[in-house]
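Nothing in this text is a laboratory measurement; each read-out follows from the coordinates by a stated rule. Not measured: the values here are computed from a predicted model. Here Cβ is always computed from backbone atoms with ideal geometry, including for glycine, and neighbour counts include all displayed protein chains.
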Amino acid sequence: MSHLILEKPIRPGVALVRLNRPESLNALNRALVAELTDTLVSLDADPEIRAIVITGNERAFAAGADIKEMAGDSAIDMLILDQFQRWDQIKRLKKPLIAAVSGYALGGGCELAMLCDIIIASETAQFGQPEIKIGVIPGAGGTQRLTRAIGKSRAMEYILTGRFFSAKQAEAWGLVSRVVPPELYLEEALNLAAEIASMPPLAVQLAKQSVNKVYELSLEEGLHFERKNFYLLFASEDQKEGMRAFMEKRTPQWKGK
Ligand code: DAK
């Protein structure tokens with residue numbers, strides 16, 4: 001059974017992936033995670049697509065991993081299932097991912113939003129890592145990505161209590177880039193994706209890769225990485241086209257080459 005709705009293209013160059021298990025607040029069961037990662041990997045290879053938006057519904061982006069499905073698992077079941085092999089594919093995607101979040105983004109749902117490159121939130125969005133309340137801790141990146149995004153003291157407070165925080169708080173702390181009224185969050189995310197999709201694809205890819213290195217490299221190594229990518233773009237036809245179009249006062253035609 002399909003747990004996703006894919007619309008492609010919903011705008012020029014943009015795919016929309018909608019999580020679709022409304023009866024369980026889009027809880028991320030194994031079938032959904034498999035379908036989601038397969039879909040994202042195939043969109044990443046699709047020449048028609050240059051940016052991807054992931055959303056849920058008004059009530060929930062995703063309320064976390066499916067507790068009912070994993071409740072009886074042993075550590076060895078988890079090890080054998082090795083779901084992280086799939087999950088880690090998301091962070092290796094080259095194309096930009098935008099999370100359009102309304103309602104609950106909890107546990108694995110919050111972790112999925114944080115795996116995206118940009119989060120646009122509805123005023124109704126509620127974020128949290130409530131795993132502590134069910135006897136575990138965030139396991140799909142939450143302790144690392146939330147701490148990097150909002151700082152140690154706040155991350156500790158929310159991870160150790162499992163309390164939720166609002167879209168406004170998430171915006172003030174830099175976790176989300178924008179909070180908009182509920183009727184606009186998806187529209188805003190799609191418009192942003194369309195704008196990014198109209199940019200030269202190779203430069204978008206290398207910019208995303210360079211920004212993401214900030215969490216993995218020292219400043220010196222990061223600057224070196226950025227510089228190599230900057231030089232590399234001078235080997236692209238799009239760099240020649242972009243600069244020529246500027247001088248000729250016309251709109252550039254990108255080839256992605
Ligand atoms: N799992 C399964 N079912 C869930 C669910 C979840 N995470 N969240 C909600 N549901 C189901 C409810 O059981 C209920 O189903 P029925 O009883 O109608 O059959 C339905 O969705 C509606 O939920 P509620 O009746 O509870 O709705 P309320 O408005 O009263 O409450 C709530 C909404 C979001 C506050 C509440 O549902 C809630 O606390 N949900 C659990 C949130 C949570 O603890 N999330 C963290 C789960 S642990 C991994 C990737 C990720 C993870 C692990 C591994 N790999 C790649 C390996 C992440 C782990 C987690 O996320």
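Summing Lys, Arg as +1 and Asp, Glu as -1, what charge do residues with Cβ under 13 Å from the Cβ of Glu248 carry, Glu248 excluded?
That works out to +3.
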Query raised in the report: Tell me, what ³J(HN,Hα) does each residue in segment 124-135 have, in order and in whole Hz, if you take phi through Karplus 6.51 cos²θ - 1.76 cosθ + 1.60 with θ = phi - 60° and put x for Gly and Pro?
Result: 7, 5, 10, 9, x, 10, x, 4, 4, 6, 10, x
Query - Within the chain: Cβ-based charge dipole about Cα centre, in debye rounded to nearest 20 (Lys, Arg +1; Asp, Glu -1) - result: 620
Query raised in the report: When the Karplus curve 6.51 cos²θ - 1.76 cosθ + 1.60 is applied with θ = phi - 60°, which whole-Hz ³J(HN,Hα) does each residue of segment 14-30 get, with x for Gly and Pro?
Result: 10, 10, 10, 10, 10, 5, 9, 10, x, 5, 10, 6, 6, 3, 8, 7, 5
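Rounded to the nearest 500, what is the chain's calculated 222 nm mean residue ellipticity when only DSSP H runs of at least 4 contribute -39500 (n - 2.57) each, over all residues?
Helix-only estimate at 222 nm: -13500 deg cm²/dmol.
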Report task. Using the structure shown, select from Lys213/Lys249; Lys8/Lys249; Lys208/Lys249; Lys8/Lys228; Lys8/Lys152 the pairs with a Cα to Cα distance greater than 30 angstrom. Result -> Lys213/Lys249; Lys8/Lys249; Lys8/Lys228; Lys8/Lys152
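Cβ under 9 Å from Gln205's Cβ, Gln205 left aside: what net charge do those residues give with Lys, Arg +1 and Asp, Glu -1?
Working: positive: Lys94, Lys95, Lys208; negative: none.
Net local charge, Gln205 excluded: +3.
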Report summary line: Classified through the alpha carbon gyration tensor (a ≥ b ≥ c as square roots of its eigenvalues; rounded if a/c is under 1.5, else prolate when a/b is larger than b/c, else oblate), segment 68-113 comes out oblate
Report summary line: For the chain, the Cα gyration tensor yields equivalent-ellipsoid semi-axes (√(5λ), largest first, whole Å) of 32, 20, 19
Report task. Out of all DSSP beta bridges with both ends in the chain, state the antiparallel percent to the nearest 5. Result -> 25
Query raised in the report: Using Cα pairs under 8 angstrom and six or more residues apart, how large is the relative contact order of segment 82-188, in percent?
Result: 30
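Write out the GluC sites (Glu not before Pro) in segment 1-101 meeting two conditions: DSSP loop, and at most 12 other Cβ atoms within 10 Å of their Cβ. All intermediate terms of the calculation are to be shown ahead of the outcome.
Numbers: sites: Glu7, Glu23, Glu35, Glu48, Glu58, Glu69; in loops: Glu48, Glu58.
Within segment 1-101, the qualifying GluC sites (Glu not before Pro) (loop, at most 12 other Cβ atoms within 10 Å) are Glu48.
Does segment 145-193 classify as rounded, prolate or oblate by the C-alpha gyration tensor (a ≥ b ≥ c root eigenvalues; a/c under 1.5 gives rounded; else a/b over b/c gives prolate, otherwise oblate)?
Judged from the Cα gyration tensor, segment 145-193 comes out prolate (a/c at least 1.5, a/b above b/c).
In whole percent, what relative contact order does the chain give with Cα contacts below 8 Å and a gap of six or more residues?
Working: 456 pairs, mean separation 42.5, N = 257.
Rounded, it is 17 percent for the chain.
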Query - Euclidean distance between Cα centres, segment 1-61 to segment 166-181, Å - result: 22
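Which order do His3, His224 fall in if you start with the one that has the fewest other Cβ atoms within 10 Å? Working shown, then result.
Details: His3 19, His224 13.
Starting with the residue having the fewest Cβ neighbours, the order is His224, His3.
Looking at segment 137-234, what % of the alpha carbon pairs are farther apart than 15 Å?
On the way: 3463 of 4753 pairs.
So the portion of pairs separated by more than 15 Å is 73 percent.
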